[in-house]
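> Sending over a structure as structure tokens; questions will come in a sec.
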Amino acid sequence: MQCPYLVQLKGICKSFPGVRALNNVDFDLKPGEVHVLIGENGAGKSTLMKILSGNYMQDSGEIILGGKAVTMDSPKKAEESGISIIHQEFNLVPQLTVEQNIFLGHEPRCKMKLFPNRAVSRSDAGKLLERVGLDVGLDERVEDLGVAQKQLVELAKALSLDARVLIMDEPTAALSSREIESLFGIIRQLTGEGVGIIYISHRLGEVHEIGDRVTVLRDGQGVGTMNVADVVLDELVRMMVGRDLSEMFVRSRVPAESGRKIVLKAERLCVDGLLDDISLEVREGEIVGLAGLVGSGRTEFAKAVFGVLPVSDGHIELFGERVTRSNPRNLIRMGVGLVPEDRKDEGIIQILSVQENITMASLGRLFPSGIVKSSIERRTTQKYVDMLRIMTDSLGKQVCFLSGGNQQKVVVGKWLCSELRLIIFDEPTRGVDVGAKAEIHRIMDDLVRQGVSILMISSDLPEVLGMSDRIYVVRSGRTVREFARDEASQEEIIRHAMGGESCAS
Amino acid sequence: MTKRHLEGEAVRAGGFASPRTFSSIMSRMAGLLGLFVLLALSSPAFLRSQNLINVLRQASLLTILSCGMTLVILTGGIDLSVGAVATLSSCMTANLFRVGQPGSSVLLGVATALLVGALCGLVNGLMVAKVKLPPFIATFGMMQVARGCSLLLIGGNIIYGFRRDFRFLGAGVIGGIPVPIMIAAAVVGVIWFISRKTVFGRSVYATGANKRAAMLSGVHVDRALVQVYVLNGVIAAFTGLLYVARLNAAEPGFGDQLQLQAIAATVMGGAAMTGGRGDVTGTAVGALIMMMIINGMNLNGISSLWQQALTGAIIICAVLAENLSQRRK
């Protein structure tokens, strides 16, 4: 008798010290469907997938593959059972070639099993690349590829293992809209071949575009599983957070006055090979949005302002003064902070505590004598933990144990603590769940009302439109258009970002 | 409820970065205690106060040297030159100022040694922070240079016969307690304070844990690195002086193995070679454990031929056990 399900998870429970991560969760996957898994950060999505892929063992509950209960005690076992996971952070070896990466750990061997069978691996790799629609040389090194291409290499690697079940963790987080389109095409092709796909996403818009069924997790429990055709977006949001979509953007508008002081002024700013004429202004108490495609130079601009990338031509003025000695220390002293795009490597220090992270940038101001006073440090940190509603069970908890949204709040807390006048947010809500997203927006709104200025880089157009007072569009390292808030629309921004017909890269 | 409770715990853990560091140090103390009981059972001589003081005395110099090494390892670096720097600075002092001769100035001699240590550390620090050489390479080079200089300076000779007040530093006793033990206790206290209670110490941890994020948070990463290597050089020179004072002799080569012992004690003390994780109090316990093991082997009549191999095996097992328990979480 054929079992209608590829995978069934029944009554899965998992606890970590102090946290109940999953409580009696059911989940299943049929051949040829895309089952979307959504929920806030910390809702238990990754934990559930780590159990399915053999990285964690469940405390109780069953994993049933094709009708048979199995013990999934190692990632190897999951691989052999045809389950592959594509992580948000890729598991590729940058120095190796595309072909080597695809077959890493399971290279086709000659009969004697001693030497790799190059002929077989070459032709197989070629077929796999064709299947995922990736047009690069087999001998290209992975480090030379773009993000979207790397993703496809991951996909080819998963397929080389004969995956019947493919878990994709936020596959579109770093892709441009065109790349997303082609990824969706490949997903549809795979499901046509009978592969089942578990699709984790924070982008609710994608649920309808790609999903067949959707399961919502909240606080480690399954809230419900539905056919995508039967649900509307607002309902999903309510299920995730118990809150309405209309509460997402809380921007309170202050009538714009033209007399406000200019805080940041970039004039014809160039960085060799990356930026080529960026000119913009940010005024006091304003949120300025910086829109554009991934790779258009938005992040590079932020880094140039913050003194991480060397400016080759043009100049930057901050608070009316021309910046000469540009390095992060100096800029922080002047009152500028950067919430970087790459939160894990540049924003937080994972193995240090919440407290140490929050006071990191203001130690000199808090403790001019050079001696850290624990009571002051604790009181200061507690203030920001409360203000930002950072969910942590102690101030001494290592930041790597917090959810993505809370980690981002820690980064924001670090800058609030150092009393800045201009904060650059690079993708402030990427990889952050809906609830935390609304809170980060609320915080940004509070900040500008207190007179802080914000430059916000974002790929999330509703966010750009909802939050910004003015919007600049960047294309190929140039500012191509400035919009006042009420002249901008998603279509207009996209048109300028893409440059009409030709997509500039 | 639980929230309040956990917060209380974090407060009790005091200066430690996280409750986890605290528990890791507690587990190390438990290991020390276990070893203590084991040795006491295996040999009645172990518990004699003279023997215990002896162990402490032997551990004291290693502890001092390892305190500096801990700071370096906390930044994610390593310093292979400390043994050679200890030798060079003390030989230079012995040679130039004839600390052994009546009428020479102990103070000037000590100051010279510390200065030489600081200079070596400065060069190390600049090579690591500014020239961006890997610490392993930079300090390996420094080790060879310092060794060579020691040989050039006094050749194969041994300088001995130092002034009594100088020797007091290494061999003196106050109220039944050897002076080096007191110095070691003081050094651990001072370095603990510096690493846990100062802005500089925080920079050290941050640099080792994530250099890039630290830099982007305005931490003066380069300066912290240079300062750490300078401090480590000074500590190495100071340790060298204590060795000379204790042995009443200076010869090129007495410090050849010291850097490896210091690294071992630091790692035994729970510091991660990747940086950002560890604590000097743990290092002190690590040094003590190493010396107790050696002492226990001596008391039980294990041949010195076996001792090195056994010590090495024990170090590997101890670190392995630590890693396994960390992974289990």
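> Within segment A:445-465, can one find any residue that is part of a loop (DSSP other than H, G, I, E, B), charged (D, E, K, R) and either within 20 Å of A:L318 (Cα to Cα) or touching a Lys or Arg at 6+ places or on another chain (Cβ under 8 Å) (or both)?
Within segment A:445-465, one or more residues are part of a loop (DSSP other than H, G, I, E, B), charged (D, E, K, R) and either within 20 Å of A:L318 (Cα to Cα) or touching a Lys or Arg at 6+ places or on another chain (Cβ under 8 Å) (or both).
> Counting only residues that are more than 18 Å from the chain's Cα centre (by Cα), within 14 Å of chain A (Cβ to nearest Cβ) and touching a residue at least 24 places away in the same chain (Cβ under 8 Å), how many does segment B:171-199 have?
Of the residues in that region, 1 qualify.
> So, one more: All but one of (1) over 25 Å from B:V173 (Cβ atoms); (2) of a type in the set (V, I, T); (3) in contact (Cβ under 8 Å) with a residue 40 or more places away in the chain; (4) open to solvent by less than 60 Å² (accessible area, probe 1.4 Å) hold for B:I289, so report the exception by its number.
If we test B:I289 against (1) over 25 Å from B:V173 (Cβ atoms); (2) of a type in the set (V, I, T); (3) in contact (Cβ under 8 Å) with a residue 40 or more places away in the chain; (4) open to solvent by less than 60 Å² (accessible area, probe 1.4 Å), just (1) comes out false.
> Still on this structure: Is one or more of the residues making up segment B:26-43 crowded, with 19+ Cβ neighbours inside 10 Å, at pLDDT 80 or above and within 14 Å of chain A (Cβ to nearest Cβ)?
no
> Residues of segment A:325-340 being of a type outside the set (S, T, Y) and surrounded by 17 or more Cβ atoms within 10 Å (Cβ to Cβ), which ones?
The answer is A:P328, A:R329, A:L331, A:I332, A:G335, A:V336, A:G337, A:L338, A:V339, A:P340.
> Does B:L71 satisfy the criteria of being at pLDDT below 65 and open to solvent by less than 70 Å² (accessible area, probe 1.4 Å)?
Working: at pLDDT below 65: no; open to solvent by less than 70 Å² (accessible area, probe 1.4 Å): yes.
It is false that B:L71 is at pLDDT below 65 and open to solvent by less than 70 Å² (accessible area, probe 1.4 Å).
> Against the condition closer than 15 Å to A:A43 by Cα and open to solvent by 10 Å² or more (accessible area, probe 1.4 Å), how does A:G211 come out, does it pass? Reasoning before the result, please.
Details: closer than 15 Å to A:A43 by Cα: no; open to solvent by 10 Å² or more (accessible area, probe 1.4 Å): yes.
For A:G211, the condition - closer than 15 Å to A:A43 by Cα and open to solvent by 10 Å² or more (accessible area, probe 1.4 Å) - is not met.
> Scan segment A:461-468 and give yes if some residue there is open to solvent by 30 Å² or more (accessible area, probe 1.4 Å) and either within 14 Å of A:V412 (Cβ to Cβ) or at pLDDT below 90 (or both), otherwise no.
Yes, segment A:461-468 contains a residue that is open to solvent by 30 Å² or more (accessible area, probe 1.4 Å) and either within 14 Å of A:V412 (Cβ to Cβ) or at pLDDT below 90 (or both).
> For the condition of a type in the set (A, V, I, L, M) and at pLDDT 90 or above, what is the one hit in A:M49, A:M1?
Result: A:M49 is the single residue among A:M49, A:M1 that is of a type in the set (A, V, I, L, M) and at pLDDT 90 or above.
> Take segment B:44-68 and flag every residue that is in a loop (DSSP other than H, G, I, E, B) and open to solvent by less than 10 Å² (accessible area, probe 1.4 Å). Talk me through it step by step, then tell me what you get.
To start, the set of residues in segment B:44-68 that are in a loop (DSSP other than H, G, I, E, B) comprises B:48.
Within segment B:44-68, none qualify.
> What residue, of A:E130, A:E170, A:E179, A:E140, is in contact with a Ser or Thr (Cβ under 9 Å, 6 or more places away or on another chain), acidic (D, E) and surrounded by fewer than 17 Cβ atoms within 10 Å (Cβ to Cβ)?
Going through A:E130, A:E170, A:E179, A:E140 in turn, the sole match is A:E140.
> Residues in segment A:309-324: is at least one within 14 Å of chain B (Cβ to nearest Cβ) and either over 30 Å from A:L461 (Cβ atoms) or open to solvent by 10 Å² or more (accessible area, probe 1.4 Å) (or both)?
Taking every residue of segment A:309-324 in turn, at least one turns out to be within 14 Å of chain B (Cβ to nearest Cβ) and either over 30 Å from A:L461 (Cβ atoms) or open to solvent by 10 Å² or more (accessible area, probe 1.4 Å) (or both).
> Is it the case that segment A:389-404 has a residue that's on the phi > 0 side of the Ramachandran plot and under 30 Å from the mean Cα position of the chain (by Cα)? Spell out how you get there, then give the answer.
Keep residues of segment A:389-404 that are on the phi > 0 side of the Ramachandran plot, which gives A:389.
With the extra rule that they be under 30 Å from the mean Cα position of the chain (by Cα), the set shrinks to A:389.
Checked segment A:389-404: at least one residue is on the phi > 0 side of the Ramachandran plot and under 30 Å from the mean Cα position of the chain (by Cα).
> Need pairs with beta-carbon distance below 6 Å; first residue more than 7 Å from chain A (Cβ to nearest Cβ) and within segment B:204-225, second charged (D, E, K, R); sequence gap 6+ or separate chains.
B:V221/B:K211
> Given the conditions (1) assigned to a loop (DSSP other than H, G, I, E, B); (2) within 14 Å of chain A (Cβ to nearest Cβ), report the number of the one that B:G255 does not fulfil.
Result: B:G255 passes all but (2).
> Taking only pairs six or more apart or across chains, which ones have beta-carbon atoms under 9 Å, a first residue in segment B:257-271 that is farther than 14 Å from B:L74 by Cα, and a second residue that is not in a helix (DSSP H, G or I)?
B:Q259/B:I78; B:Q259/B:D79; B:Q259/B:L80; B:Q259/B:S81; B:L260/B:L80
> Moving on to the next point. Give me the residue from segment A:341-380 that is within 21 Å of the chain's Cα centre (by Cα) and open to solvent by 10 Å² or more (accessible area, probe 1.4 Å) and, out of that set, farthest from the other protein chains (Cβ to nearest Cβ).
Per the criteria, the residue is A:E341.
Quick grid of which residues meet (1) among the aromatic types (F, W, Y); (2) open to solvent by 40 Å² or more (accessible area, probe 1.4 Å); (3) at pLDDT 95 or above:
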site: B:V188; (1), (2), (3): no, no, yes
site: B:F193; (1), (2), (3): yes, yes, yes
site: B:S203; (1), (2), (3): no, no, yes
site: B:T207; (1), (2), (3): no, no, yes
site: B:R212; (1), (2), (3): no, yes, no
site: B:A224; (1), (2), (3): no, no, yes
site: B:Y229; (1), (2), (3): yes, no, yes
site: B:A237; (1), (2), (3): no, no, yes
site: B:L241; (1), (2), (3): no, no, no
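> Has segment A:388-411 got at least one residue that is open to solvent by 10 Å² or more (accessible area, probe 1.4 Å), more than 17 Å from A:I348 (Cβ to Cβ) and of a type in the set (V, I, T)?
Scanning segment A:388-411 turns up no residue that is open to solvent by 10 Å² or more (accessible area, probe 1.4 Å), more than 17 Å from A:I348 (Cβ to Cβ) and of a type in the set (V, I, T).
The values are calculated or read from the model by the stated rules, or taken from the named source; none is laboratory data. Every value quoted in this text rests on a predicted model; they were computed, and no experiment measured them. Cβ sites come from the backbone with ideal geometry, for glycine too, and all protein chains shown count toward neighbours. Side chains are part of the model used for accessible areas, which takes the heavy atoms of the whole protein and leaves out ligands, DNA and RNA. Shrake-Rupley method; radii C 1.70, N 1.55, O 1.52, S 1.80 Å.
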